[in-house]
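One structure below.
The values are calculated or read from the model by the stated rules, or taken from the named source; none is laboratory data. These figures come from a predicted structure and were not determined experimentally. As a convention, Cβ positions derive from the backbone with ideal geometry for all residues, glycine included, and neighbour counts pool all protein chains shown. Side chains included, ligands, DNA and RNA excluded: accessible areas come from the protein's heavy atoms. Shrake-Rupley method; radii C 1.70, N 1.55, O 1.52, S 1.80 Å.
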Amino acid sequence: MEEKRFQKNQEIELAITDLTADGLGVGHADGYALFVKDTVPGDAGTVRVIKTKKNYGFGRMVDLKVRSDWRVTPPCPVAGPCGGCQLMHVDYQKQLEWKRKKVEDCIYRIGGLTDVEVLPVLGMEEPWHYRNKAQYPVGTDEKGNLIAGFYAGHSHRIVANEHCLIQDEKSNQVLALVLAWMKKHHISAYDEATGKGLVRHVIVRVGKATGQIMAGLVINGAQIPAADALIDTLKTVEGMTSICLNCNRENTNVILGETTKVLWGEDAIIDRIGDVSYRISLPSFYQVNPTQTVKLYQTALDFAGLTGNETVWDLYCGIGTISLFLAQKAKQVYGVEIVEQAVVNAKENAKLNGFTNAEFFAGAAEEVMPQKFLESGATMRADVIVVDPPRKGCEEALLDTIVQMEPERIVYVSCDPATLARDLKYLNERGYRTQKVQPCEMFAQGVHIESVASVRRVV
Ligand code: SAH
């Protein structure tokens, strides 16, 4: 039988020295790592072992004897059980320092780029109520009461929360109205276990610059009863512009189903980042923290170093957000995006703003770019290439084509510092040097961090 260093329920004295990427406190006892939820570096006390593996285990702090100066009392009453905010018990300045260090560790350890400067995180002045998009799962508690809120960490158990402190107040208001409508008209919540029940999620988007609001219901069916009553109640919310219904009858973790229809109003809302306006529909990808998005895009624009003569490619362009930001300063911008509907939106957004120097292509960047390069007889060039991939980073086939296109500058926008570091290393081995990395807060109170890397050609 496998020998375990500690027994379940054993209590040990432990000092917390680090946080994992998921925000769990970590302490070491005899070289054995114990992960302890809701603790921070600098804490020490009695930890009860709750789960053991060969090389590590999990524990719970049962008697906190030394309180770290990282600690603050989370203002949200469900900060512990809710999986939404992993760092609400950490002082905000410490959150920012920890995130900078996390990016630097990846750049140094995974990327091996120890001479690269990782700048202080561009933080928020007011790290609350910042989100422009809420997705509340709806269900019932063990007594059968209707609840909505967020999933507990690593689970699909709903922690009821109608007053989330990182959502816009308008989102919480829409949720309360939908729940009241459901109660009044005896409309059931979806039950993942049985696949029965109607309402799965309430989604709210808020255009922070324009005040426009979209309310969306994801339902396990084709239509809803008492639709007029829902419309009447939601119309009382100032700025309500669009009420949509999305049908998802699959037994799946994916929130949205394939069809969305408009119940009332428009099929999209408009928001603005800096001087550029964007149309956003229910399924569109749109950065969730608009106060910070402008800083992120401005950093990408600064790193692009545009003078007005450049040809720029924006890969993984979504609805053309960064592309159009760049189009303000470039001669020509090309965007590539895998979701066809997003490409349609990107083209509409170019028109909406009167840009004639932006063109968009649908397809996987790692297929479209090598193909276009080949078709050009290997002559296609760019002055600047911007990439903003999902967490898994860029495929090598794409990075190879980028290198062959010999751009003077590459601007890498990343939501995962580990894959960013991996890809910067790859570019570093092929004639490109990372000059600096600017982390930018997008998810205050949570563990994630966005970064922008400035990369230059040296050969
Ligand atoms: N730059 C945009 C979107 C970034 S999110 C913004 O800031 O709003 C990443 C985008 O990459 C998503 O729109 C996603 O649909 C797209 N995507 C994912 N895989 C892709 C691929 N292989 N090729 C092109 N686009 C991809």
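Using a probe radius of 1.4 Å on heavy atoms only, what accessible surface per residue do you get for the chain? Whole Å² is fine.
On the way: 20710 Å² over 459 residues.
With the other protein chains kept in place, the chain gives 45 Å² per residue.
Just from its helices, what would the mean residue ellipticity at 222 nm be for the chain, if runs of 4 or more DSSP H residues each count -39500 (n - 2.57) and the sum is divided by every residue, rounded to the nearest 500 deg cm²/dmol?
Only helices count here, giving -7000 deg cm²/dmol.
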Taking the Cα of Thr17, stepping 7 Å toward and past its beta carbon, and measuring to each backbone N in region 56-85: which are under 19 Å? 56-61, 65-70
Within region 1-102, which trypsin sites (Lys or Arg not before Pro) sit in a loop by DSSP and count at most 16 neighbouring Cβ atoms inside 10 Å? Lys4, Lys8, Lys53, Lys54, Arg67
Where in region 408-445 are there GluC sites (Glu not before Pro) that are in a DSSP coil and have at most 16 other Cβ atoms within 10 angstrom of their Cβ? Glu408, Glu429
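Which length gain, in nm to one decimal place, applies between Gln7 and Arg60 when the Cα-Cα distance is subtracted from 0.36 nm times their residue separation?
17.7 nm
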If you stretched the chain out fully between Val459 and Lys436, how much longer would it get, using 0.36 nm times the residue separation minus the C-alpha to C-alpha distance? 6.5 nm
Just how far, in whole angstrom, is region 400-445 from region 116-162 if you go by their alpha carbon centroids? 29 Å
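Arg391 to Lys329: extension gain in nm, 0.36 nm per residue of separation minus the Cα-Cα distance?
Details: separation 62, 0.36 × 62 = 22.32 nm, distance 2.79 nm.
That pair, Arg391 and Lys329, stretches by 19.5 nm at full extension.
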List the lysines whose Cα lies under 26 Å from the Cα of Lys8, skipping any in the same chain that are fewer than 8 positions away. Lys37, Lys51, Lys53, Lys54, Lys65
Of Asp388, Asp383, which has the most accessible area and how do the rest follow, probe 1.4 Å? Asp383, Asp388
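Region 198-298: which GluC sites (Glu not before Pro) are DSSP loop and have at most 11 other beta-carbon atoms within 10 angstrom?
Details: sites: Glu238, Glu250, Glu258, Glu266; in loops: Glu238, Glu250, Glu258, Glu266.
Answer in residue order: Glu238, Glu250, Glu258.
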Residue-level accessible surface for Val387, protein heavy atoms, 1.4 Å, Å²: 0 Å²
Anchor Lys143: lysines whose Cα lies under 19 Å away (excluding residues fewer than 8 positions away in-chain): Lys183, Lys184, Lys196
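Taking the Cα centre of the chain as origin and charging only Cβ (+1 Lys, Arg; -1 Asp, Glu), how large is the dipole, in debye to the nearest 20? Please list the in-between numbers first.
On the way: 51 positive and 57 negative charges, 139 e Å.
Magnitude of the dipole: close to 660 debye.
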Which of the residue pairs Lys170/Lys351; Lys99/Lys436; Lys295/Lys436; Lys94/Lys436; Lys351/Lys372; Lys208/Lys235 have a Cα-Cα distance greater than 20 Å in the structure shown? Lys170/Lys351; Lys94/Lys436; Lys351/Lys372
